[in-house]
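The values are calculated or read from the model by the stated rules, or taken from the named source; none is laboratory data. Owing to the predicted nature of the structure, the values given are computational and were not obtained by experimental measurement. As a convention, Cβ positions derive from the backbone with ideal geometry for all residues, glycine included, and neighbour counts pool all protein chains shown. Heavy atoms of the whole protein, side chains included, go into the accessibility calculation; ligands, DNA and RNA do not. Shrake-Rupley method; radii C 1.70, N 1.55, O 1.52, S 1.80 Å.
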Amino acid sequence: RRAAFDPASAVHSFTLSASDYVEYALLPMLVDFIERKAPGVRLVVRPLDLQLVAKQMESGEVDLCITGLQNASAGLHVRPLYTERIVSVVRRKHPGVGARLTLDKFCSLEHIQVSVRGAGISTRTDKALAALGRKRRVRLAVPHYLLVPEIVARSDMISALPERLARGYANKLRIFEPPLDIEGFTVGQIWHERNQRDPAQQWLREVLAELAQKPPK
């Protein structure tokens, strides 16, 4: 039997694997919580590598992976945290976008595409457009989400972003419902059987599950 975990007195280190978007959406809240409730807890966050993370969890290099649940490998434990919507963003005072974002306008603007597996992989936006027989004009393809809001705010390009990220830049961006049906995704926790019954790991998973329920601002 493993000893119960007391966050107020424990000295412990957790290693997480997450994308830059998930870090933005959840890590600030988690750090605030730990500073107040678990001062002896240390966090290490590693970049998400979908090709390696299952083996990293099996070996104990990574305790917990937080990502879209579509990325979960068979045989791992999963727990949904929240469902994310996709929204469209342009800079404030964009000269070509009025009060309403139409599909024609959406397709005519130059886009920033986010593809964590490379610029040639179709994203949810591209698939949704293809279903309508339409295409978008991709001017810039990047591998990380956090680059996008600042570039959109300084240009006349448009992009599709997870809502929790877009809301964080509402002072710089205009946020629209996309003029087409872009599939969202579920963010969740993924872990190996080795950590299933560990009290410290159970505590961390419960904390994340509670914090994730806070809606985007």
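Of the set (1) of a type in the set (F, W, Y); (2) out of contact with any Pro (no Cβ under 8 Å at 6 or more places or on another chain); (3) over 23 Å from E193 (Cα atoms), all apply to Y21 but (2).
The single residue among L76, L81 that is more than 19 Å from I158 (Cα to Cα) and within 17 Å of the chain's Cα centre (by Cα) turns out to be L81. Considering each residue of region 171-182 in turn, none proves to be surrounded by fewer than 15 Cβ atoms within 10 Å (Cβ to Cβ), closer than 23 Å to F33 by Cα and under 20 Å from the mean Cα position of the chain (by Cα). Among the residues of region 1-60, not one is among the charged types (D, E, K, R), open to solvent by less than 50 Å² (accessible area, probe 1.4 Å) and in contact with a Ser or Thr (Cβ under 9 Å, 6 or more places away or on another chain). Per this entry, D63 is counted among residues that are more than 30 Å from L129 (Cα to Cα) and charged (D, E, K, R).
Among the criteria (1) charged (D, E, K, R); (2) closer than 16 Å to V187 by Cβ; (3) without any contact (Cβ under 8 Å) to a residue 24 or more places away in the chain, the one K93 does not fulfil is (2). When restricted to residues that are modelled with pLDDT of 95 or more and farther than 26 Å from I151 by Cα, region 67-94 contains 7.
Condition check for P95 on (1) over 19 Å from N71 (Cβ atoms); (2) over 15 Å from the mean Cα position of the chain (by Cα); (3) in a helix (DSSP H, G or I): one failure, at (3). In this structure, I86 does satisfy being within 27 Å of A209 (Cα to Cα) and buried (at least 17 other Cβ atoms within 10 Å of the Cβ).
Going through (1) part of a loop (DSSP other than H, G, I, E, B); (2) more than 20 Å from D20 (Cα to Cα); (3) hydrophobic (A, V, I, L, M, F, W, C) one by one, L146 falls short only on (2).
Within region 174-185, residues that are of a type outside the set (F, W, Y) sit with their Cβ atoms under 7 Å from residues that are open to solvent by 50 Å² or more (accessible area, probe 1.4 Å), at 6+ positions apart or across chains, in these pairs: R174/R92; L180/L132; I182/R124; E183/R124; G184/T83; G184/R85. Within region 40-72, the residues that satisfy the criterion of being closer than 18 Å to A209 by Cα and assigned to a loop (DSSP other than H, G, I, E, B) are D63, A72.
Here the condition is being of a type in the set (K, R), in contact (Cβ under 8 Å) with a residue 40 or more places away in the chain and farther than 30 Å from G60 by Cα; of R137, R124, it holds for R124 alone.
Is it the case that region 103-116 has a residue that's touching a residue at least 60 places away in the same chain (Cβ under 8 Å) and under 19 Å from the mean Cα position of the chain (by Cα)? Yes.
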